[in-house]
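Nothing in this text is a laboratory measurement; each read-out follows from the coordinates by a stated rule. All values derive from a computational prediction rather than experimental measurement. Please note: Cβ atoms are built from the backbone with ideal geometry, for glycine as well, and neighbour counts cover all protein chains shown.
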Amino acid sequence: MTQVSRAVLITGCSSGIGRATALRLAGSGWTVYASARKVDAIADLADAGCRLLSLDVTDEASMVAAVERVEREVGAIGVLVNNAGYSQSGAVESVPLEAVRRQFETNVFGLARLTQLALPKMRAQGWGKVVNLGSMGGRLTFPGGGWYHATKYALEALSDALRFEVAGFGVDVILVEPGLITTEFGAAASASLADAEPSPDDPYGHFNLTVGAVTTGAYEGPLRHFGGGPDRVAKAIEKAIDRRRAPTRVVVTPSARTTIPLRRLLPDRLWDAAMRQQFPTPR
């Protein structure tokens, strides 16, 4: 019988959830391939037992080379953790489509292509797990985050379809849906609105500035107590891939566990009214 590879490939390990997951799984005895666009940014993970990979999920050649190296060394990627991603904030009309395309390339298309590359050997060995880092933002939408939410809603659909399509080959698809996570993620989301001072005639200027302030407040203010550190997500990932019958969705942090059901219960107009308590209405 062919030896089944249980090696784990994780994207976006330079900080946050990716880094925490690499450290946790390596410490638990998994063979971990930690990746980032620049290997120098994750050099210290080698001391924790990780194997390091240069991997840019927006570059086809980079993805192909990374998958080929793992398969050459251990036969197959057993667990693929699609973690790389970021948030582009701003009113839908005001965000340049070039920035929107970059967002989708990282959060959706790169994830999808890397999964396509990893699946053949997973299927061949009859075992594998694809872990997609979604968000509670794939189940609800905050003003000023439309493009980011669109990528996470897309991930919900892709994960649901893929789960059915690969189950017969022994491959599980697990969608992780964190709420507020205290990483650099919130700062990056706010920074995407702070690059330029809005002009006086910008109809979304005040709105976009408020979105940035609310985002910063959510990650740094009292609401952070409803979130958690990246290791909370890493622990949930470890638990999910260890289970014989993998969960289809894993909701992480109190903010996600309370807000997702609330959004499901509230009619659209009531949700919009609640949002007006936090965000100014552009006009």
Among 16-27, 254-265, the order from most to least packed when residues are scored by Cβ within 10 Å on average: 16-27, 254-265
Potential extension, Asp268-Phe104 segment - 0.36 nm per residue separation minus Cα distance: 56.5 nm
Out-of-range pairs (alpha-carbon distance over 21 Å; input Lys129/Lys152; Lys129/Lys239; Lys38/Lys152): Lys38/Lys152
Relative contact order (%) - criterion: Cα under 8 Å, at least six apart; region: the chain: 19 percent
Fluctuation leader among Val67, Val176, Val108 - the chain, Gaussian network, Cα springs under 10 angstrom: Val67
Where labels lie 7 Å past Cα in the beta-carbon direction, separation of Glu68 and Thr258 in nm: 5.1 nm
Kirkwood hydrodynamic radius over Cα pairs of region 27-122, then Stokes diffusion coefficient at 20 °C and 1.002 mPa s, in µm²/s: 146 µm²/s
Listed residue (Ala246, Gly49, Gly18) projecting farthest to the positive dipole end of the chain, Cβ model: Ala246
Computed Rg/Rh of the chain, alpha carbon atoms with Kirkwood Rh: 0.98
Euclidean distance between Cα centres, region 1-69 to region 88-136, Å: 17 Å
